[in-house]
1. Would you mind working out the accessible area per residue for the range 487-530, using a 1.4 Å probe, and quoting it in Å²?
2. I want to verify the translational diffusion coefficient of the range 254-307 in µm²/s; compute it with Stokes-Einstein, Rh as the Kirkwood radius over Cα pairs, at 4 °C and 1.567 mPa s.
3. How big is the range 267-357 on each of its three principal axes, counting only the C-alpha atoms and giving the largest first in Å?
4. Using a 1.4 angstrom probe on the protein heavy atoms only, line up Glu100, Glu220 by accessible area, largest first.
5. With contacts defined as alpha carbon pairs under 8 Å and 6 or more residues apart, what's the relative contact order of the range 311-375 in percent?
6. Compute the accessible area per residue over the range 15-119, keeping the other protein chains in place, probe 1.4 Å, unit Å².
7. Determine the share of the range 112-191's accessible area contributed by carbon and sulfur atoms, expressed in whole percent, with a 1.4 angstrom probe.
8. HN-Hα J couplings of the range 289-305 from phi, Karplus 6.51/-1.76/1.60, θ = phi - 60°, integer Hz, Gly and Pro as x?
Amino acid sequence: MEGMENREDLKSMLPFLPLLLGSSSLFWPSKVVKSLETLSKGPLYSEVDSGELLFNAISHIRDSLALPSLQPVAPFAHGGYALFFDELISRAEASKWFEEVVPALANLLLRLPSLLESHYQDADYLFNGVRTGLRLLGSQEAGIVFLGQELVAALLTCAFFCLFPVSDRGSKRLPTINFDHLFEDIYESYSKKQENKIKCIMHYFERICSSMPEGFVSFERKVLPLEQLPLCVSYPEADFWSKSVVSLCLFEVHSSGFIEDQSNGALEVDFANKYLGGGALRSGCLQEEIRFMINPELIAGMLFLPCMEDNEAIEIVGAERFSNYTGYASSFCFSGDHVDKRNVDGFRRCKTRIVAIDALCRAGMRQYKCTYLLREANKAFCGFLDQSNCDHHKSLFQDGGSQGSQCMETDKDTNVVVKDFPMDEAPSTSVEIAMNRGEYINQVIGYSDKKGSWCLDLEDKIGIATGNWGCGAFGGDPELKTMIQWLAASQAARPSVSYYALGIKSLQNLNQVSQWILSHEWTVGDLWNMLVEYSSRRFNKETNLGFFAWLLPTLFAHDAKMSNLTSTP
C-alpha cells in the first residue's frame, strides 16, 4: 500500500480533519492525547462531571489542536452543553454520561488515527480497482465511500467535541458538521424538539459506548452525467420522458405508517435539502432532520459530501436506527431505544437503503413550467436509478462488448439509449469500474458476490418507499410530486412504489386515481405528457383544479356531490 502521505483520498480530507500527518502516519498533537487520556480515566480523575466542565474540557482540546482553520465555536454553545447536561436530564442520566460515556468517547477519539489508517489500508482491497476510501466526494464525482461503524462513531464523536476545522467548508459547499449550533440553539431559544433531538444523539453515543457495532455504512454520490458516457444513463431531456414506453409500476397507498417502518427492503426516500442533512445539526426538525436523529450514522456523510446539483443524489446504505420517536416538527419527542432487527448484506451493512433527493425549493407557480417538471423528474430518476444494475450493462459484459463504440443499444427496462464500447476502453468513474470489474477480496468481507456490485438484493429488484417529497416547507404540489415520483420510479425499473400519504387532504383520492391509471395501462410517456398538459394549463391560469380533479372530473364531481349530501343537515 502507498504511504499515507501520498494518498490522494486522504489529501482531499486533511483540511477537514483535526488530525496531523507526519512520518506516514496520522496522529493527535501530544497535548490533545494528554487531555483525552485524562478524560478517559473518568470524573474522579478528570473532574469533568457537569455540562459546563465538559465544555471547558472540549475548549481545552480545541485549543491544543492549534489549527489555524479551527474557528471559534458558536458563541452560546457553552450554555447549551451546560443546560442540557446539568438541567434537562436527570442526575442519574448525567452521572452515567460522565462516568461511562465520556471516558468511552475519549478512548474512541484516541483510537481515531489508527481507525483511519486501517480504513485506508482496507479501502485499497475492498473492491478491485474501485476507490472506497474516505475522501471529499465532490460535485459530479460519481463514487462511493465505505466506512466501518466504529470509524463513523469516532467521526461523530469529533463532531460532538466540535473538533472539525470549518473555515474551508463553505468554499467547498459542505454542510455544517460540528455540534456547536445544535447546542447553541437550545440555549438561545429553548424548544422541546431541540432537547429531544439532542436526546436521540446522546442515546446513540450511549449505545455505541456499551456495545460498538461492527458493520459498515456506504455513502454513494449518484450522478446522471450531463454528457454521453459509456455504460451510463445520461441526464434526460423532456423528449425522452415524452416518448417513454415503459409501463408504470405498481403503486400502493398507505394512509398510515412511516417510510422508515416499511419492511419490504425498499429504497427509502429522504426529502433532502441540497446540503445533506438540512437543519439536522441546527434547529430543523422535519422529515430529513428526524431521520438523521434516529439514524445518526447518516450525519457522517455531512463531513465529506458537498451539496447536490440538479443531476445528483446521495444514497446511503447501512445506517442503523437507534431511537424511537413520536410527533413531528415542534412535537417531536425521543421515545426510547430502538433495536434495529434488519438483516445485513454481504458487506455487513444493515439492509437499510436511504436516498437523499432535494426537491425544488420555494416551488410556487414555477413548478408548473416544463423546465422544472423536468428538473424534478430527473432528480427523482437519478435517486431511484441503479446505474450498476441495468440489463444493458449485463448484456454488454455477457456479449463481450465487441460491437464497437458506434453501436447504440436501448435498455429494455429503462428505455435509455446507451453507447456500446470496446471492453479495452476503461470506464472512468468508480461506479462504472465496479460494474466492469466488480470483484473484491473475499477475506476482507468474507463474502463472494457473484454479480460484483455493492447494491442490495440484485436478484430481486427493490421498490421505492416515499411520500410527500418537497410538499411541506418547499411548497410543492402534492398531486404533481406524487405522479413525478411514480413515473421516475417506473422509468428506473423499480417494481413498485409504496406511498405514505400521511393525511394530506388533496391526496385522499390518490389510491383511486393511481388504480384508474394502472387499469388503463398507461406508460411513463402517457403520464408525463398528461402532466405537461395539465401544468401548462395551470401555469397559464386556464385551470385552478388539482391534477386529480382535472384528470378525472367525473370521479371528483361524484365525490363532491356525495360530500355535500352527507354534510347536509
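The values are calculated or read from the model by the stated rules, or taken from the named source; none is laboratory data. Since we're looking at a predicted model, the values are computed, not measured. Please note: Cβ atoms are built from the backbone with ideal geometry, for glycine as well, and neighbour counts cover all protein chains shown. Accessible surface areas use protein heavy atoms only, side chains included; no ligands, DNA or RNA. Shrake-Rupley method; radii C 1.70, N 1.55, O 1.52, S 1.80 Å.
1. Details: 1730 Å² over 44 residues.
I get 39 Å² per residue for the range 487-530.
2. On the way: Rh = 12.0 Å.
In µm²/s, the coefficient is 108.
3. 38, 37, 21
4. Numbers: Glu100 110, Glu220 25 Å².
So, going from the largest accessible area down, we get Glu100, Glu220.
5. Working: 75 pairs, mean separation 22.5, N = 65.
Once normalised by length, the contact order is 35 percent.
6. Details: 5010 Å² over 105 residues.
Using a 1.4 Å probe on heavy atoms only, each residue of the range 15-119 averages 48 Å².
7. Numbers: 1040 of 2390 Å².
On the range 112-191, the fraction of accessible area on carbon and sulfur atoms equals 43 percent.
8. Running phi through 6.51 cos²θ - 1.76 cosθ + 1.60 with θ = phi - 60° gives 4, 5, 4, 6, 7, 7, 10, x, 4, 4, 4, 4, x, 5, 5, 10, 10 Hz.
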